[in-house]
Amino acid sequence: MRTPKQLGAHAEAMLAELAAFSDGDNGLTRLYLSPAHRRAADHVAGWMRAAGLETAVDPLGTVRGRWKPERKRRLLIGSHIDTVVDAGRYDGMLGVVAGILAVEEIAARGLALPFGIDVLAFGDEEGVRFPTTLVSSAALAGCLVPSDLDTRDAEGVSLREALVAFGGDPEAAASAAYGRDEAVAYLEVHIEQGPVLEAEGLPLGVVTSIAGQSRFNITVTGEAGHAGTVPMALRRDALAASAEMMLAIEDVARRGAAHQMVATVGRIAARPGAVNVIPAEVAFTLDIRADADAPRHAAIAELEARLLTIATGRKVSARMEKFFESPTTPCAARLQEAFAAALGDLGLGQRRLASGAGHDGHAMHHLTDVGMLFVRCRGGISHNPAEFAAVDDMGLAVEALVGAAVRLAADAASSGDRT
Ligand SMILES: [Zn+2]
């Protein structure tokens, strides 16, 4: 039995090993089905075997390590081992490492659980290489869209071809799915990727939901004119109107703070784009997220009305077109309680917060209940080589994972759920 500090030190060492598998020489870049992903998957499989898990790579490239493989009911614990370009070493990988360490501890402590555990290392969470994402977890959850296998990367390689080169088997994709009666729940440990836990001095937090999101293209059309001759009162300036709209977007999001609402205008283009011409047309994007679908939809409806009012007042037209929508994934109350109880046992605060970022749990929700635990990360920084989580915090996360599994075992026993 290891102390949290020892577990954290183990996690740190494993993450350092994994960070060596990169597709480039500079920094860490490990895209789905790349040579570095293959080497990382093999390395993770080696850890799983050393931990006594029956290990295999599934048709979509997910590494699966099975503890007590003879048991039908399985607690699923996982995260992803692909990265963004020039990534940090914690995002995703910590959840896989924490899962392996937690199973080792459960075995070493002789904890009696009524279910087996599968540790899962997904390959396609970041969605960098192909114009799709979560195919590896979607296959497990039985919600893979077959046409996603025909999407292509920037080099023209199809996902199907890349899978074959990796050693996967696109023809067997359907066989990757778990049966609904097999899964007890899906648990994931992940760095927060935001600054909330650090600001509140808390090492860990219980995730309430994975935020839903909507994305829009907004086009504002006015009229071009001479920057020197058209008086201010007679202008139909598409960019000035857009600026006012962006402040309205910011205002709506700020007033949604109780629902962790955030709205971002991340891209903007003005035409004709000359220093001495009044902008005739502006296109910008909107990404809006919240911890539940209803407040996000209400905010969008309010924004549509306010943008229209601003456009009318400024004699321009505005068009708002949705191009992406992802519903909120709620974290199951029983899993939030299991994590919260584990944090209580460790003498920690039980802060609950939504995840603004997407995760594999979004796909796993189609199969079973999802629970997530956030780990404080320095400065809230992620998708960046400066990403950092402390040894002590990671050790506590492994303990909390063990504690949550024990709590679920007790729940299963009291409800007569035996395998
Ligand atoms: Zn991640």
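Miscellaneous remarks
- Condition met for Gly349 (out of contact with any Pro (no Cβ under 8 Å at 6 or more places or on another chain), within 16 Å of the ligand (Cβ to nearest atom) and either closer than 23 Å to Ala410 by Cα or of a type outside the set (S, T, N, Q) (or both)): no
- Options Ala108, Ala112: the member that is assigned by TED's automatic domain parsing to the domain that holds Arg49, at pLDDT below 95 and of a type outside the set (Ser, Thr, Tyr): Ala112
A quick yes/no check of all residues on (1) among the acidic types (Asp, Glu); (2) part of a strand (DSSP E or B); (3) within 16 Å of the ligand (Cβ to nearest atom):
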{"site": "Gly194", "(1), (2), (3)": "no, no, yes"}
{"site": "Val220", "(1), (2), (3)": "no, yes, no"}
{"site": "Leu239", "(1), (2), (3)": "no, no, no"}
{"site": "Glu250", "(1), (2), (3)": "yes, no, no"}
{"site": "Arg254", "(1), (2), (3)": "no, no, no"}
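- Each residue in region 374-391 was checked for being under 19 Å from Ala340 (Cβ atoms) and more than 13 Å from the ligand (Cβ to nearest atom), and 1 of them qualify.
- Count of region 196-215 residues which are closer than 21 Å to Ala98 by Cβ and surrounded by fewer than 22 Cβ atoms within 10 Å (Cβ to Cβ): 4
- Among the candidates Ala298, Ala340, residue that is aliphatic (A, V, I, L, M) and under 30 Å from Val282 (Cβ atoms): Ala298
- Within region 70-98, the set of residues being more than 9 Å from the ligand (Cβ to nearest atom) and assigned to a strand (DSSP E or B) comprises Arg74, Leu75, Leu76, Ile77, Gly78, Ala87.
- Unmet criterion (only one of (1) of a type in the set (D, E, K, R); (2) within 16 Å of the ligand (Cβ to nearest atom); (3) open to solvent by 10 Å² or more (accessible area, probe 1.4 Å)) for Asp124: (3)
- Filtering region 180-191 to residues that are open to solvent by 20 Å² or more (accessible area, probe 1.4 Å) and touching a strand residue (DSSP E or B) at 6+ places or on another chain (Cβ under 6 Å) leaves only Glu182.
- Failed item, numbered, when Ala172 is tested on (1) surrounded by 15 or more Cβ atoms within 10 Å (Cβ to Cβ); (2) more than 16 Å from the ligand (Cβ to nearest atom); (3) among the aliphatic types (A, V, I, L, M); (4) in contact (Cβ under 8 Å) with a residue 40 or more places away in the chain: (1)
Residue-by-condition table, conditions (1) under 15 Å from the mean Cα position of the chain (by Cα); (2) assigned by TED's automatic domain parsing to the domain that holds Gly24; (3) open to solvent by less than 10 Å² (accessible area, probe 1.4 Å):
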{"site": "Ile77", "(1), (2), (3)": "yes, yes, yes"}
{"site": "Val84", "(1), (2), (3)": "yes, yes, no"}
{"site": "Arg129", "(1), (2), (3)": "no, yes, no"}
{"site": "Thr133", "(1), (2), (3)": "yes, yes, no"}
{"site": "Ala139", "(1), (2), (3)": "no, yes, yes"}
{"site": "Asp153", "(1), (2), (3)": "no, yes, no"}
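- Residue in region 175-192 that is more than 16 Å from the ligand (Cβ to nearest atom), more than 30 Å from Phe339 (Cβ to Cβ) and outside any strand (DSSP E or B) present: yes
- Index of the failed condition, Lys315 passing every other in (1) at pLDDT 95 or above; (2) open to solvent by 30 Å² or more (accessible area, probe 1.4 Å); (3) over 14 Å from Glu244 (Cα atoms): (3)
- Yes/no for Ala112 being in a loop (DSSP other than H, G, I, E, B) and open to solvent by 60 Å² or more (accessible area, probe 1.4 Å): yes
- Considering His366, His359, the condition of being in contact with a strand residue (DSSP E or B) (Cβ under 8 Å, 6 or more places away or on another chain) and in a loop (DSSP other than H, G, I, E, B) is satisfied by His359 alone.
- For Ala227, the criteria (1) among the small types (Gly, Ala, Ser); (2) outside the structural domain of Val57 (by TED's automatic domain parsing); (3) within 16 Å of the ligand (Cβ to nearest atom) hold in every case but one, which is (3).
- Criterion: in contact with a strand residue (DSSP E or B) (Cβ under 9 Å, 6 or more places away or on another chain), modelled with pLDDT of 95 or more, within 22 Å of Ala165 (Cβ to Cβ) and in the same structural domain as Glu192 (by TED's automatic domain parsing) - qualifying residue of Val119, Val57, Val103, Val96: Val57
- All of (1) buried (at least 20 other Cβ atoms within 10 Å of the Cβ); (2) in a helix (DSSP H, G or I); (3) away from the ligand (no atom under 16 Å from the Cβ) hold for Arg334 with one exception: (1).
- Only one of the listed residues (Leu144, Leu111, Leu159) is touching a residue at least 40 places away in the same chain (Cβ under 8 Å), farther than 29 Å from Glu192 by Cβ and out of contact with any strand residue (DSSP E or B) (no Cβ under 7 Å at 6 or more places or on another chain). That residue is Leu159.
- Filtering region 12-32 to residues that are in contact with a Leu (Cβ under 6 Å, 6 or more places away or on another chain) and of a type in the set (A, V, I, L, M, F, W, C) leaves only Ala19.
The values are calculated or read from the model by the stated rules, or taken from the named source; none is laboratory data. Computed from a predicted model, the values in this text were never measured in an experiment. When we count neighbours, we look across all protein chains shown, and the Cβ atoms used for this are built from the backbone with ideal geometry, even at glycine. Note: areas computed on protein heavy atoms with side chains; ligands, DNA, RNA excluded. Shrake-Rupley method; radii C 1.70, N 1.55, O 1.52, S 1.80 Å.
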